[in-house]
């Protein structure tokens, strides 16, 4: 890198903190510039496949996180109109043995807390809060990031890990726009002691219906259950993580079986997130500036891989910056070259899964028949390309 200047990271979310930790493991200093005064993570649950858990284990984060994760033994898929169980897909020991890392489900706040605690314990990681990156300039071998409080930070490179609404991406590609997908997610968490079978079991449940689906899984050491409802919806208006009209939401959920609706009604509060499905960026990088996670490749949640992709990005970029320590622009170029094909494939596959989840009749009958007759292990083997990921050769 350029002298003793750190890698500048815009954003202390999942991707930004993972990158800071990965860089420190390679002996590279970083400065994380976070807009909020106290970094926190909104939302409810997040699913971490073996591809993500493997990275967290290599970075020394998994041991901090494990006491509060859920470890579902299987994933059960239901027809959300008939209430029929369509298939049971193996997770637990089967997926851990197949991919040499477990499948975890966790509250986003717990994942973020484990990352933050790990990062703060590393002397090569500096966390600066209350200073979101607004603009940047590159002068020779130095990137200058101007923050919203008027400070200027100098680094060897700048990484935009500032999420869906990335200001770094906006400067790189001002004409590129987010595109609303026509779907909105509502999230909540309830106490697992309130739930009856099958909702209180150590399993992930997915309920498919025309125009919507529901996902639930245990978090916080199985003490709570994370709930996600995704529905087709006209543009709900600006706002991210805003409260949902609970009664209005429950009325829309009457398409699902009564026992599922009664279970969902136990959540006292719901919050909504519009889902975006934009065209891929023309590039992620320019010289000594690049993007990771949602800033680089927003992905729909129908494969539960948004957070995992950011974690993979972070490990890959840190490795590239270590290999080409004195040629950071080359490191960034190599990082994008190996990561972009996987991200684009994940975006396409997630979009396709969303269409399959929300199929109307009669197309949904063919989907249901395929799930009933195909062995669960064979279905899961179709996703080996996701869960069996190993760091790419740079």
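First check a/c for the stretch 254-394, with a ≥ b ≥ c the square roots of the eigenvalues of its C-alpha gyration tensor; if it is under 1.5, answer rounded, and if not, answer prolate when a/b is larger than b/c or oblate otherwise.
Here the stretch 254-394 falls in the prolate category.
How much length is gained on full extension from residue 81 to residue 197, taking 0.36 nm per residue of separation minus their Cα-Cα distance?
So the extension gain works out to 39.9 nm.
Just want the ordering: 129, 393, from fewest to most Cβ atoms lying within 10 Å of their own Cβ.
Final ranking by Cβ density, sparse to dense: 393, 129.
According to a simple spin-label model (label point 7 Å from Cα along Cα-to-Cβ), what is the distance in nm between residue 37 and residue 338?
Reported label-point gap for residue 338 and residue 37 is 4.2 nm.
Where does helix 328-357 land angle-wise versus the long Cα axis of the chain, in degrees 0 to 90, nearest 10?
Long axis of 328-357 versus the principal axis of the chain: about 10 degrees.
For 326, 276, 199, what's the fewest-to-most ordering of other Cβ within 10 Å of each Cβ?
Lowest count first: 326, 276, 199.
Assuming 0.36 nm per residue, please report the length gained on full extension of the stretch residue 152 to residue 363 beyond their Cα-Cα distance.
Extra length available between residue 152 and residue 363 comes to 70.4 nm.
Give me the distance between the Cα centres of the stretch 98-113 and the stretch 187-203, rounded to whole Å.
Taking the Cα centre of the stretch 187-203 as reference, the centre of the stretch 98-113 is 18 Å away.
Between the helical axis of 14-25 and the dominant principal axis of the chain, each derived from Cα atoms, what acute angle in degrees is found, rounded to the nearest 10?
50 degrees
Considering only C-alpha atoms, what is the centroid distance from the stretch 1-79 to the stretch 350-389, in Å?
The stretch 1-79 and the stretch 350-389 have Cα centres separated by 29 Å.
What is the angle, in °, between the Cα long axis of helix 108-120 and the longest principal axis of the Cα atoms in the chain? Nearest 10 is fine, range 0 to 90.
Around 20 degrees separate the two axes.
In terms of the Cα gyration tensor, with a ≥ b ≥ c the square roots of its eigenvalues, is the stretch 88-149 rounded because a/c is under 1.5, prolate because a/b exceeds b/c, or oblate?
Prolate is the answer for the stretch 88-149, as a/c is 1.5 or above and a/b outweighs b/c.
Quick check on the chain: helices-only [θ] at 222 nm, where DSSP H runs of length 4 and up contribute -39,500 (n - 2.57) each and the sum goes over total residues. Nearest 500, please.
Calculated at 222 nm, the ellipticity per residue is -10000 deg cm²/dmol.
Gaussian network model of the chain, Cα springs within a sub-10 Å range: biggest mean-square fluctuation belongs to which of 310, 24, 279?
279
Just one of (1) 36; (2) 30; (3) 48 is percent of Cα pairs over 33 Å apart as worked out from the coordinates here. Which one is it?
(2)
What order do you get for 361, 183, 71 when you list them from fewest to most C-beta neighbours inside 10 Å?
Ordered from fewest to most neighbouring Cβ atoms within 10 Å, 361, 183, 71 come out as 361, 71, 183.
Highest first, please rank the peptides 316-325, 139-148 by the mean number of other Cβ atoms sitting within 10 Å of their residues.
316-325, 139-148
Could you tell me which of rounded, prolate or oblate describes the stretch 118-233, using a ≥ b ≥ c as the square roots of the eigenvalues of the alpha-carbon gyration tensor, with rounded for a/c under 1.5 and, failing that, prolate when a/b is larger than b/c and oblate otherwise?
oblate
None of the figures in this text is laboratory data; all of them are computed from the coordinates on show. Treat the numbers as computed from the prediction; the structure is a model and nothing was measured. As a convention, Cβ positions derive from the backbone with ideal geometry for all residues, glycine included, and neighbour counts pool all protein chains shown.
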